[in-house]
Amino acid sequence: MGCTLMLASLSVAQTPTPVPQPTPAMIQPAVPAPPQIAASSYILMDASSGAVLVEHNADERLPPASLTKMMTSYIGSLELIEGRINEQDGVLISETAWRKGGSKMFVKVGDRVPFIDLKRGIIIQSGNDASIALAEHVAGSEDAFADMMNRHAERLGLRNSHFTNATGWPDDNMYSSARDMAILAQAIIRDDVDYYPIYKEKEYTWNGITQSNRNRMLWRDSSVDGLKTGHTEAAGYCLVASAEREGMRLISVVMGASSDAVRTAETQKLLTWGFRFHETRRFYQPGQVLSSARVWGGESMQVDVGLADGLILTLQRGQFDNLEATIELDKALKAPIAAGARLGTVEVRNGNQVLHSAPVVALNEVPAAGFFGRLWDSIRLFFHNLFN
């Protein structure tokens, strides 16, 4: 069985006559080719829909440098959110953390530093000492913390990432990819709502030393509010940035640029192109009832159906006109039906072109009826099939 739904947010009142003549202001802009980006790998993703607008070598395994600290900070936030650690818990600074080279927060060995201050030292100052201190506090050792990083990477579907330390310190066995970093950024934005604002803080002072956030996009583009930079000789200059304009959020990842100025300029190119020529709309919420279907042999004769993940689309501007959602349900649905069971497919079309498809699921459970109920429905189903 099937039905066709006009997508709710596309209902537009039609004015009869006279029909206005097209003017330059009404003509949708032609979408140009994506900009040429001076980086070894990059990707531009919509944070809500997960749609990839442009990519190049996005699955290539590359040294992540200090982009690694996004995972370190993410795990720290999960520990706070889940109540295993408090913001003001004092973290003992080990000699290992204090001695680590590279960028520093400048914590002192033997001090106890509040956990929330270490998070700022990691995100804003890119402190290697802060990263190791947090890792040791959470997992007991940096090696054990790296195991946690890899388990979270697997959970998030980071297929081309492997972590061996909490800082991004060069290691031949550690790697990630532009796509994986975009997915990680998406998870931070989605799961770390309370602490995500730290990523847009422009400076932080600890131990009398004020350091600026290395993400120059925070000064260049007011819509940018995160996330992280990275640089080593092997990795080149890397930047994961996110910006929100008029309710649409994009994530840009640039890896392997030749300088700080280049990674900033190339990130701006990606974000400008993405926002200028694309838009994102939410049509259905997760669990929203889209239709109902006849159930045979159940305690109820109907089951509500919808989309487990809702429906968010990112398309080129002008492509949302006249979209239709078509639901095709399996024939002769029989109880028992578990909540979440796949019962069909929804397809979003623009004319004959399928733009998106997703499984339609049962939104409620339908237990099997008793013996006589099932017997009666089996007779009715026989005649239903006979005449249909």
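Below, the figures for the structure above:
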item	result
Checking LEU313 against (1) touching a Phe, Trp or Tyr at 6+ places or on another chain (Cβ under 8 Å); (2) at pLDDT below 90, the condition it does not meet	(2)
Residue list for the range 30-50, restricted to those being buried (at least 18 other Cβ atoms within 10 Å of the Cβ) and aliphatic (A, V, I, L, M)	ILE37, ALA39, ILE43, LEU44, MET45, ALA47
Long-range neighbours under 9 Å by Cβ, at least six apart or interchain, first residue outside any strand (DSSP E or B) within the range 228-255, second aliphatic (A, V, I, L, M) and surrounded by 24 or more Cβ atoms within 10 Å (Cβ to Cβ)	ALA234/ALA65; ALA235/ALA65; ALA235/LEU67; ALA235/MET255
Residue list for the range 40-68, filter: within 27 Å of ILE124 (Cβ to Cβ) and not hydrophobic (A, V, I, L, M, F, W, C)	SER40, SER41, TYR42, ASP46, SER48, PRO63, PRO64, SER66, THR68
Residue among SER258, SER222 that is within 25 Å of PRO197 (Cβ to Cβ), at pLDDT 95 or above and of a type in the set (S, T, N, Q)	SER222
ARG220 being surrounded by 18 or more Cβ atoms within 10 Å (Cβ to Cβ) and in contact (Cβ under 8 Å) with a residue 40 or more places away in the chain	no
Set ALA139, ALA166, ALA185: member being surrounded by 20 or more Cβ atoms within 10 Å (Cβ to Cβ) and closer than 14 Å to GLY76 by Cα	ALA166
Search result, residues across the range 198-218 that are hydroxyl-bearing (Ser, Thr, Tyr) and either within 13 Å of SER103 (Cβ to Cβ) or outside any helix (DSSP H, G or I) (or both)	TYR204, THR205, THR210, SER212
Residue within the range 58-66 that is open to solvent by 10 Å² or more (accessible area, probe 1.4 Å), hydroxyl-bearing (Ser, Thr, Tyr) and closer than 25 Å to ASP180 by Cβ present	yes
Of residues in the range 55-76 being assigned to a helix (DSSP H, G or I) and touching a strand residue (DSSP E or B) at 6+ places or on another chain (Cβ under 9 Å), the one farthest from HIS162 (Cα to Cα)	SER73
Subset of the range 325-367 that is of a type in the set (Lys, Arg) and farther than 19 Å from ILE312 by Cα - its residue that is modelled with the highest pLDDT	ARG342
Segments classed as helices (runs of 4 or more DSSP H), wholly inside the range 95-164, with at least 1 members that are without any contact (Cβ under 8 Å) to a residue 24 or more places away in the chain and under 23 Å from the mean Cα position of the chain (by Cα)	142-156
One residue from SER212, SER259 being farther than 19 Å from SER48 by Cβ and open to solvent by 40 Å² or more (accessible area, probe 1.4 Å)	SER212
Boolean, ASN150 is open to solvent by 10 Å² or more (accessible area, probe 1.4 Å), more than 15 Å from ALA65 (Cα to Cα) and modelled with pLDDT of 95 or more	yes
Filter pass, GLU79 being out of contact with any strand residue (DSSP E or B) (no Cβ under 6 Å at 6 or more places or on another chain), open to solvent by 30 Å² or more (accessible area, probe 1.4 Å), in contact (Cβ under 8 Å) with a residue 40 or more places away in the chain and under 24 Å from HIS162 (Cα atoms)	no
Flag if SER292 is surrounded by fewer than 20 Cβ atoms within 10 Å (Cβ to Cβ) and either more than 26 Å from TYR196 (Cα to Cα) or under 21 Å from the mean Cα position of the chain (by Cα) (or both)	yes
Of all residues making up the range 321-365, the number that are open to solvent by less than 30 Å² (accessible area, probe 1.4 Å), over 18 Å from PHE283 (Cβ atoms) and not in a loop (DSSP other than H, G, I, E, B)	5
Near pairs, Cβ below 8 angstrom, 6+ apart or cross-chain, from the range 291-310 (part of a loop (DSSP other than H, G, I, E, B)) to any residue that is hydroxyl-bearing (Ser, Thr, Tyr)	GLY297/SER378; LEU307/TYR284; GLY310/TYR284
Condition check for GLU87: outside any loop (DSSP other than H, G, I, E, B), in contact with a helix residue (DSSP H, G or I) (Cβ under 7 Å, 6 or more places away or on another chain) and open to solvent by 40 Å² or more (accessible area, probe 1.4 Å)	no
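Each row is one residue, and each column tells you yes or no for (1) open to solvent by 20 Å² or more (accessible area, probe 1.4 Å); (2) among the hydroxyl-bearing types (Ser, Thr, Tyr).
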position: MET181; (1), (2): no, no
position: ILE198; (1), (2): no, no
position: TYR204; (1), (2): yes, yes
position: ASP225; (1), (2): yes, no
position: LEU250; (1), (2): no, no
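The values are calculated or read from the model by the stated rules, or taken from the named source; none is laboratory data. All values derive from a computational prediction rather than experimental measurement. So basically every Cβ, Gly included, is an ideal-geometry build from the backbone, and we count neighbours across all protein chains shown. Surface areas here come from the heavy atoms of the whole protein model, side chains and all, with no ligands, DNA or RNA. Shrake-Rupley method; radii C 1.70, N 1.55, O 1.52, S 1.80 Å.
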